[in-house]
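Student: Below is a structure I'd like to ask you about.
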Amino acid sequence: MTETLAPLTLLLAGPRGFCAGVDRAIQIVEQALKKFGAPVYVRHEIVHNRFVVESLEAQGAVFVQELDQVPDDRPVIFSAHGVPKAVPAEAERRQMIYLDATCPLVSKVHLEAERHHAEGLHILLIGHKGHPEVIGTMGQLPAGSVTLVEDRAQAEAIAVPDPARLAYITQTTLSVDDTKDIVAVLESRFPAIQGPRKGDICYATTNRQAAVKAIAEQSQALLVIGAPNSSNSRRLVEVAERSGCARAGLIQRASEIDWVAYADVETLGLSAGASAPEVLVDEVIAAARVHRTVTIREIRVTDETVVFKLPKALAD
């Protein structure tokens, strides 16, 4: 096929793939396996990526939905998305060994929520219903303390207990542009509303969206490597579509790509969500080279140097 099809330029978005929070969460599972031996239990997917989960399962990690599936005498790890306060409280009641892999930037949002609540403010959480991070954040406070706002329409219609005693926080993996629109509506309706000192959308989400914007207009089609349940990966597809690339799609592995469908594409954009390892990007590049003569061009909007420390229990 390389003789009959035009050469393909792969535009790689940079940064892409793993962020510091995901890298830390995976290291926590790997280090716990070394320290405690298998099995080590993990409540929910440590991050939203099947390749990562299956790799850790092969090393001896066991993924469960709830604590009642974990024996008292084995360690349990809480996922990077964060958990309601009731979960570690139950682990302590059972005297379990537990490790919290919550991303520090998610924990920052939890602390903001607690601070606002302590000041007597009702909290509006901008986020997606049912996402583990949203469940974990709402679970930091008593029921009724937080109201979820999912989109602009809800922001325009929502009723609050006291417009003068109000704050907002956000999920860390949202669309930067969508969130700005929602915040603008809330600030217009509720001038006294308090927001975070620094935005809650994390650096990695912001950088990956900026990188996709930078390649979208130059790409005839664009693929994002990520899981269907990965919020930040799905947002990257939306950002690509809004930034000038109508043919944007989400894939988990290179095997899902129908290269015949991309026969007319001479410039293909490629990014990866924050839970997707670089090996999956390499896999797509290798697959492309089977079908086309490939030139790779990376467009980087920034370099990332953020690193998060492991919990003290694993630092020895």
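Per-residue answers, yes or no, for (1) farther than 21 Å from Leu236 by Cα; (2) modelled with pLDDT of 95 or more; (3) open to solvent by less than 10 Å² (accessible area, probe 1.4 Å):
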{"site": "Gly269", "(1), (2), (3)": "no, yes, yes"}
{"site": "Pro277", "(1), (2), (3)": "no, yes, no"}
{"site": "Val284", "(1), (2), (3)": "no, yes, yes"}
{"site": "Arg300", "(1), (2), (3)": "no, yes, no"}
{"site": "Phe308", "(1), (2), (3)": "yes, yes, no"}
{"site": "Ala313", "(1), (2), (3)": "yes, no, no"}
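Student: Which pairs do you get when a residue that is surrounded by fewer than 18 Cβ atoms within 10 Å (Cβ to Cβ), found in segment 13-37, comes within reach of a residue that is among the charged types (D, E, K, R) and modelled with pLDDT of 95 or more, reach meaning Cβ atoms under 9 angstrom, with the pair 6+ apart or on two chains?
Tutor: That search, which allows pairs on different chains as well, returns Phe36/Arg74.
Student: OK, next. Restricting to segment 68-84, name every residue that is aliphatic (A, V, I, L, M) and surrounded by fewer than 17 Cβ atoms within 10 Å (Cβ to Cβ).
Tutor: none
Student: Among the candidates Val62, Val42, Val87, single out the residue that is open to solvent by 10 Å² or more (accessible area, probe 1.4 Å), part of a strand (DSSP E or B) and in contact (Cβ under 8 Å) with a residue 12 or more places away in the chain.
Tutor: Val62
Student: Applying the selection to segment 193-223, what residues are farther than 26 Å from Tyr168 by Cβ and either touching a Leu at 6+ places or on another chain (Cβ under 8 Å) or not in a loop (DSSP other than H, G, I, E, B) (or both)?
Tutor: Residues satisfying the conditions are Ala211, Ala214, Ile215, Ala216, Gln218, Ser219, Gln220, Ala221, Leu222, Leu223.
Student: Looking only at segment 146-180, how many residues end up being among the charged types (D, E, K, R), without any contact (Cβ under 8 Å) to a residue 12 or more places away in the chain and more than 25 Å from Gly17 (Cα to Cα)?
Tutor: 0
Student: Please name all residue pairs, on different chains or six or more residues apart, with Cβ atoms under 8 Å, provided the first residue is in segment 297-316 and is within 16 Å of Ser107 (Cα to Cα) and of a type in the set (Gly, Ala, Ser) and the second residue is open to solvent by 60 Å² or more (accessible area, probe 1.4 Å) and not in a helix (DSSP H, G or I).
Tutor: none
Student: With respect to Arg289, determine if the residue is open to solvent by 20 Å² or more (accessible area, probe 1.4 Å), in contact with a strand residue (DSSP E or B) (Cβ under 7 Å, 6 or more places away or on another chain) and assigned to a helix (DSSP H, G or I).
Tutor: Spelling it out, it is not the case that Arg289 is open to solvent by 20 Å² or more (accessible area, probe 1.4 Å), in contact with a strand residue (DSSP E or B) (Cβ under 7 Å, 6 or more places away or on another chain) and assigned to a helix (DSSP H, G or I).
Student: Could you look through segment 142-174, keep only residues that are over 27 Å from the mean Cα position of the chain (by Cα) and among the charged types (D, E, K, R), and pick out the one that is nearest to Gly273 (Cα to Cα)?
Tutor: Once the filter is applied, the top-ranked residue is Arg165.
Student: I would also like to ask the following. Does segment 224-235 contain any residue that is open to solvent by 40 Å² or more (accessible area, probe 1.4 Å), in contact with a Phe, Trp or Tyr (Cβ under 6 Å, 6 or more places away or on another chain), in contact (Cβ under 8 Å) with a residue 12 or more places away in the chain and assigned to a helix (DSSP H, G or I)?
Tutor: No, because not a single residue in segment 224-235 is open to solvent by 40 Å² or more (accessible area, probe 1.4 Å), in contact with a Phe, Trp or Tyr (Cβ under 6 Å, 6 or more places away or on another chain), in contact (Cβ under 8 Å) with a residue 12 or more places away in the chain and assigned to a helix (DSSP H, G or I).
Student: Any idea which of Asp264, Asp200 is touching a residue at least 24 places away in the same chain (Cβ under 8 Å), open to solvent by 20 Å² or more (accessible area, probe 1.4 Å) and not hydrophobic (A, V, I, L, M, F, W, C)?
Tutor: Unique residue meeting the criteria: Asp264.
Student: Being open to solvent by 60 Å² or more (accessible area, probe 1.4 Å) and among the small types (Gly, Ala, Ser) narrows it down to one of Ala101, Ala118, so name that one.
Tutor: Going through Ala101, Ala118 in turn, just one is open to solvent by 60 Å² or more (accessible area, probe 1.4 Å) and among the small types (Gly, Ala, Ser): Ala118.
Student: Go through segment 265-283 and give me each residue that's within 19 Å of Thr9 (Cα to Cα), touching a strand residue (DSSP E or B) at 6+ places or on another chain (Cβ under 6 Å) and either not assigned by the TED database to the domain that holds Gln252 or not in a strand (DSSP E or B) (or both).
Tutor: Val265, Leu280, Val281
Student: Do we find a residue being in a loop (DSSP other than H, G, I, E, B), surrounded by 20 or more Cβ atoms within 10 Å (Cβ to Cβ) and either among the small types (Gly, Ala, Ser) or touching a residue at least 12 places away in the same chain (Cβ under 8 Å) (or both) anywhere in segment 181-188?
Tutor: For segment 181-188, residues in a loop (DSSP other than H, G, I, E, B), surrounded by 20 or more Cβ atoms within 10 Å (Cβ to Cβ) and either among the small types (Gly, Ala, Ser) or touching a residue at least 12 places away in the same chain (Cβ under 8 Å) (or both): absent.
Residues checked against (1) among the hydrophobic types (A, V, I, L, M, F, W, C); (2) open to solvent by 60 Å² or more (accessible area, probe 1.4 Å); (3) out of contact with any Asp or Glu (no Cβ under 9 Å at 6 or more places or on another chain):
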position: Arg94; (1), (2), (3): no, no, no
position: Leu105; (1), (2), (3): yes, no, no
position: Ile126; (1), (2), (3): yes, no, no
position: Lys129; (1), (2), (3): no, yes, no
position: Gln154; (1), (2), (3): no, yes, yes
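The values are calculated or read from the model by the stated rules, or taken from the named source; none is laboratory data. For clarity, every value in this text was computed on a predicted model and none was experimentally measured. When we count neighbours, we look across all protein chains shown, and the Cβ atoms used for this are built from the backbone with ideal geometry, even at glycine. Please note that ligands, DNA and RNA were not included when accessible areas were found on the heavy atoms of the full protein model with its side chains. Shrake-Rupley method; radii C 1.70, N 1.55, O 1.52, S 1.80 Å.
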